[in-house]
Amino acid sequence: EAKHLGGDGIVVFDRDLELRHQYRQTLKKGLKNALARSELRVFYQPQMHLESGLITGAEALVRWQHEELGQVSPADFIPVAEDDGLVVEIGAWVMLQACRECTRWSQYYGRPLAVSVNVSARQMLHSNLLLTVERVLSDSGLSPSQLELEITESVAISARESVASQMQALVSMGVTIALDDFGTGYSSLSYLNLLPVNNLKIDRSFVQGLPQDNVQASSVRAIIGLARNLGLGTIAEGVETRAQSDCLARLGCQIIQGYWLGKPMSDVQFREFLSGRRSLLAV
Ligand code: C2E
Ligand code: MG
Ligand code: MG
Ligand code: MG
């Protein structure tokens, strides 16, 4: 079939679309019950301050164990949840789990840790995010300064007045804002003037080629320079090797996150990870 050209190509394309559509419908149906059936879990990926070697906290990443499909990637189901509006409920649930866990780890680690939670466009634009954050903080007992919200550049770019004022209110509460996947959008950067942002998360695509790739190294250097000039912090994502970590340290990046430090893990595993780190520090 693949040998046929022209019209057949279109047929194959259509069937592909049809399959994708069916898959999304399956996900959409399943998602409605996923929370009630306890099929969702939150995993945590550690973040480390490069200069001190201290663990600063973790990013919360949602996981879905579907009864028939098995593990479904958030890259697949978050967009579906976003279209459907379910992401508002799922996002609030993730935030509550993450903040509760973070309160426990901080006691365990003996110093305040931070947790980063991804916030989708829909949550930012259409829901009363402010109320959710207030409720989650009071339910979990977490200090606002320990909660970081990650928004993507595209949300920031499409920012309307309502988003800017919502973000301003969050920052006034003491919550931190990070720009996720920074450098992958087609932005003029002018939104950085308009929006209150604390940290830039340097996208994995810039980290991959370090230390050899000159273009990527220059990009990372430029992002870190920009962050410095604006008084923002830097977090590099997708750090997979010692060489990448060393290079980022040389370039002046503050915090790293990636498989080299640890893959996303359950809360129990993260506590074990912390205890390993704590004994390292005690030596
Ligand atoms: P993200 O926020 O940019 O998260 C980073 C992704 O990179 C995660 O994929 C993480 O597992 C992966 N990663 C981390 N370190 C490495 C590394 O060293 N190498 C490689 N190759 N990958 C690494 P994951 O968990 O599949 O999540 C995908 C995306 O789904 C996230 O990208 C985020 O945009 C979204 N997402 C995840 N959880 C949530 C959530 O609770 N709410 C919302 N709205 N979105 C979420
Ligand atoms: Mg993120
Ligand atoms: Mg990211
Ligand atoms: Mg990314």
Can you name the residue in the range 174-195 that is in contact with a strand residue (DSSP E or B) (Cβ under 6 Å, 6 or more places away or on another chain) and not aliphatic (A, V, I, L, M) and is also most open to solvent (accessible area, probe 1.4 Å) among such residues?
Asp181
Per the list (1) open to solvent by 30 Å² or more (accessible area, probe 1.4 Å); (2) within 16 Å of ligand 2 (Cβ to nearest atom); (3) touching a Cys at 6+ places or on another chain (Cβ under 8 Å), residue check on Leu147 breaks on (1)
Qualifying residue in the range 196-205 (condition: charged (D, E, K, R), within 12 Å of ligand 4 (Cβ to nearest atom), open to solvent by less than 30 Å² (accessible area, probe 1.4 Å) and touching a Phe, Trp or Tyr at 6+ places or on another chain (Cβ under 9 Å)):
yes
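Does Val171 fit the bill of being out of contact with any Gly (no Cβ under 9 Å at 6 or more places or on another chain), surrounded by 15 or more Cβ atoms within 10 Å (Cβ to Cβ) and at pLDDT 95 or above?
Judged against the criteria, Val171 is a match.
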Go through (1) polar (S, T, N, Q); (2) open to solvent by less than 70 Å² (accessible area, probe 1.4 Å); (3) free of Cβ contacts under 8 Å to residues at least 24 places away in the same chain for Asn118 and report which single condition fails.
(3)
Among (1) under 22 Å from Leu125 (Cα atoms); (2) in contact (Cβ under 8 Å) with a residue 24 or more places away in the chain; (3) open to solvent by 70 Å² or more (accessible area, probe 1.4 Å), there is one condition Arg100 misses while meeting the rest; what is its number?
(1)
Kindly establish whether Ser154 is part of a helix (DSSP H, G or I), of a type outside the set (Val, Ile, Thr), open to solvent by 50 Å² or more (accessible area, probe 1.4 Å) and more than 16 Å from ligand 3 (Cβ to nearest atom).
no
Looking only at residues that are away from ligand 3 (no atom under 16 Å from the Cβ), surrounded by 21 or more Cβ atoms within 10 Å (Cβ to Cβ) and touching a residue at least 40 places away in the same chain (Cβ under 8 Å) in the range 73-96, which one is farthest from Phe270 (Cα to Cα)?
Ala81
Residue count, the range 194-213 (criterion: within 16 Å of ligand 2 (Cβ to nearest atom) and assigned to a loop (DSSP other than H, G, I, E, B)):
3
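State all residues of the range 232-276 that are surrounded by fewer than 16 Cβ atoms within 10 Å (Cβ to Cβ) and part of a helix (DSSP H, G or I); if no residue qualifies, say none.
Passing the criteria: Arg242, Ala243, Asp246, Ala249, Arg250, Val268, Gln269, Glu272, Ser275, Gly276.
Residue-wise test of (1) within 13 Å of ligand 1 (Cβ to nearest atom); (2) in contact (Cβ under 8 Å) with a residue 24 or more places away in the chain.
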residue: Leu170; (1), (2): no, yes
residue: Val197; (1), (2): no, yes
residue: Asp203; (1), (2): yes, yes
residue: Gln216; (1), (2): no, no
residue: Ile235; (1), (2): yes, yes
Give just the number: which of (1) at pLDDT below 95; (2) away from ligand 2 (no atom under 16 Å from the Cβ); (3) farther than 22 Å from Ser205 by Cβ; (4) not hydrophobic (A, V, I, L, M, F, W, C) does Arg122 not satisfy?
(2)
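The values are calculated or read from the model by the stated rules, or taken from the named source; none is laboratory data. Predicted, not measured: the structure shown is a model, and the values here were computed from it. Ideal geometry is used to build each Cβ from the backbone, glycine not excepted, and the neighbour counts take in all protein chains shown. What goes into the accessible areas is simple: the full protein's heavy atoms, side chains included, and nothing from ligands, DNA or RNA. Shrake-Rupley method; radii C 1.70, N 1.55, O 1.52, S 1.80 Å.
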